[in-house]
Amino acid sequence: MNPSNGFTFGSWNAGSRTGDYTQLIRDRIGATDKSPNFSGLMPSNPDDQAMVDSIGKVRDKLLGETAKDLARAADVYALQEVSGDDRADIKAFKSSGFEIIRPPKKNPLYASETDTAIAINPAKFKNIENRSFNDTASGRDFAVAVAVEKATGRKIAFISGHIAGFDLEAEKQIREEQAADGDGDIANMIATLKNICSDCDSVMIGFDTNAIPEIYKKRFQLLTDAGFQLYRTGSPTSNMSRNSRDETAKLQERELDYIFVKNKKPSGFFNFLRNLFKNKDVYIIKKDVYVTKLIRDNTSLSLDPISSPSDHIPVFVRVEKLQRKTPVNGSPGIFDNLRNRVRKFFQTK
């Protein structure tokens, strides 16, 4: 696991359907139109059902192995498309000591219909609370785990979100019309989090947004305007090339997964000092400075395109604690600023 100073947060869409996995295989082996179409297998056909079962067993094995790798790579995960606790990946997270936080069931008749979950390691966090919720309008679920970091006493909310996709290749007006419902879900999520996470020092969201800022900005502006910092890989987080009417999509291997982080602004005397000295880079809370950075090196994970059980690649950020006296981004500390201002005052006399 990671050292005591700080923790790693990851986001991963595990993929809930064997059909997506079979299509991923087909894409990855460079299957032509004349090759067997795995996604067209018919469970009603006994021969097809045998192949579906066989492919499902292979994927379950890969899901479990991948989850064990992920459990060694990070301390908290926002998971999407992980319906059901009987999944191989969820079982692997649990066997690695992680606690699983899920939203409430939308229908009590079904035991495994929630799409999102948080996997969190109790070795790093205490007082873990489940504050998950469902959107009252769309029913979309959001897993929310609020926990206290043992090393710092910092209360953090971890959220997993999965927003409906739309045709990124359509004309602008059509894109905006198709994206409107998903944007509404994000707006509702932000309002809900503002209420239920008001006591948290930080809010961290692992998101499958099904969008790209360069093509559709509004979905991201909703979060950045609410004070969230965007962390992105700048490279594909989706392994799958979608086909439309037997034509290869223009947008292959898309970047769809992101992490958003929001820290509570300092208040009272600390906020007065920050404004007085115009020091925008230093963030003070409980006498410490917290910094978040994207982790780009995932080579330790066995997530090559063939053995990966999902069409998504996880994204990670590392959250670390620095002492207040340590400058952030090379900027002077508050007391350095005070000393410099006093010196300049007397130099002008």
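The values are calculated or read from the model by the stated rules, or taken from the named source; none is laboratory data. Values in this document were obtained by computation on a predicted structure and should not be read as measured data. Quick reminder, even Gly has a Cβ in these numbers, built from the backbone with ideal geometry, and neighbours come from all protein chains shown. Accessible surface areas use protein heavy atoms only, side chains included; no ligands, DNA or RNA. Shrake-Rupley method; radii C 1.70, N 1.55, O 1.52, S 1.80 Å.
Could you tell me which of the residues Asp60, Asp33, Asp47 is at pLDDT 75 or above and not hydrophobic (A, V, I, L, M, F, W, C)? Show your work before the answer.
Details: Asp33 fails: at pLDDT 75 or above; Asp47 fails: at pLDDT 75 or above.
Of Asp60, Asp33, Asp47, the one residue that is at pLDDT 75 or above and not hydrophobic (A, V, I, L, M, F, W, C) is Asp60.
Only residues that are among the acidic types (Asp, Glu) and under 14 Å from Ala147 (Cβ atoms): list them for segment 72-88, please.
Filtering segment 72-88 down to residues among the acidic types (Asp, Glu) leaves 75, 81, 85-86.
Once the filter is applied, which keeps residues that are among the acidic types (Asp, Glu) and under 14 Å from Ala147 (Cβ atoms), segment 72-88 yields only Asp75.
Can you pull out the residues in segment 69-83 that are surrounded by fewer than 21 Cβ atoms within 10 Å (Cβ to Cβ) and acidic (Asp, Glu)?
Asp69, Glu81
Just name the residue that is nearest to Asp181 (Cα to Cα) out of those in segment 103-123 that are modelled with pLDDT of 95 or more and part of a loop (DSSP other than H, G, I, E, B). Talk me through it step by step, then tell me what you get.
If we filter segment 103-123 for residues that are modelled with pLDDT of 95 or more, which is where we start, we get 116-123.
Still in the list and also part of a loop (DSSP other than H, G, I, E, B): 121-123.
On the way: Asn121: 34, Pro122: 36, Ala123: 38 Å.
Ranking the qualifying residues of segment 103-123, first place goes to Asn121.
For segment 138-157, does any single residue satisfy the condition of being open to solvent by less than 20 Å² (accessible area, probe 1.4 Å), among the charged types (D, E, K, R), under 21 Å from Asp257 (Cα atoms) and under 16 Å from the mean Cα position of the chain (by Cα)?
Looking for residues that are open to solvent by less than 20 Å² (accessible area, probe 1.4 Å), among the charged types (D, E, K, R), under 21 Å from Asp257 (Cα atoms) and under 16 Å from the mean Cα position of the chain (by Cα), one finds at least one in segment 138-157, hence yes.
Whether any residue in segment 211-223 is open to solvent by less than 40 Å² (accessible area, probe 1.4 Å), of a type in the set (Lys, Arg) and either within 20 Å of Glu81 (Cβ to Cβ) or modelled with pLDDT of 90 or more (or both) is what I want to check. Don't jump to the end; show me each part of the working.
Applying the first criterion (open to solvent by less than 40 Å² (accessible area, probe 1.4 Å)) to segment 211-223 yields 211-213, 216, 219-220, 223.
Narrowing the set further to residues that are of a type in the set (Lys, Arg) leaves 219.
Retained after the next criterion (residues that are either within 20 Å of Glu81 (Cβ to Cβ) or modelled with pLDDT of 90 or more (or both)): 219.
Looking through segment 211-223, at least one residue is open to solvent by less than 40 Å² (accessible area, probe 1.4 Å), of a type in the set (Lys, Arg) and either within 20 Å of Glu81 (Cβ to Cβ) or modelled with pLDDT of 90 or more (or both).
I want to confirm something. Restricting to segment 157-182 and keeping residues that are touching a residue at least 40 places away in the same chain (Cβ under 8 Å) and assigned to a loop (DSSP other than H, G, I, E, B), which single residue is nearest to Phe98 (Cα to Cα)? Break it down stepwise before answering.
Of all residues in segment 157-182, those touching a residue at least 40 places away in the same chain (Cβ under 8 Å) come to 157-166, 168-169, 175-176, 179, 181.
Pick out the ones that are also assigned to a loop (DSSP other than H, G, I, E, B) and you get 163-166, 168-169.
Details: Ile163: 25, Ala164: 28, Gly165: 30, Phe166: 33, Leu168: 36, Glu169: 39 Å.
That would be Ile163.
Applying the selection to segment 134-156, what residues are more than 19 Å from Asn13 (Cα to Cα) and in a strand (DSSP E or B)?
Val146, Ala147, Val148, Glu149, Lys155, Ile156
Which one of the conditions (1) modelled with pLDDT under 85; (2) open to solvent by less than 40 Å² (accessible area, probe 1.4 Å) does Pro3 fail to meet, given that it meets all the rest?
Pro3 satisfies all of (1) modelled with pLDDT under 85; (2) open to solvent by less than 40 Å² (accessible area, probe 1.4 Å) except (2).
Within segment 224-251, can you find the residues that are in contact with a Ser or Thr (Cβ under 8 Å, 6 or more places away or on another chain) and modelled with pLDDT under 75? It would help to see each step written out before you state the result.
Keep residues of segment 224-251 that are in contact with a Ser or Thr (Cβ under 8 Å, 6 or more places away or on another chain), which gives 229-231, 239, 241, 248-249.
Result: Ser241, Thr248, Ala249.
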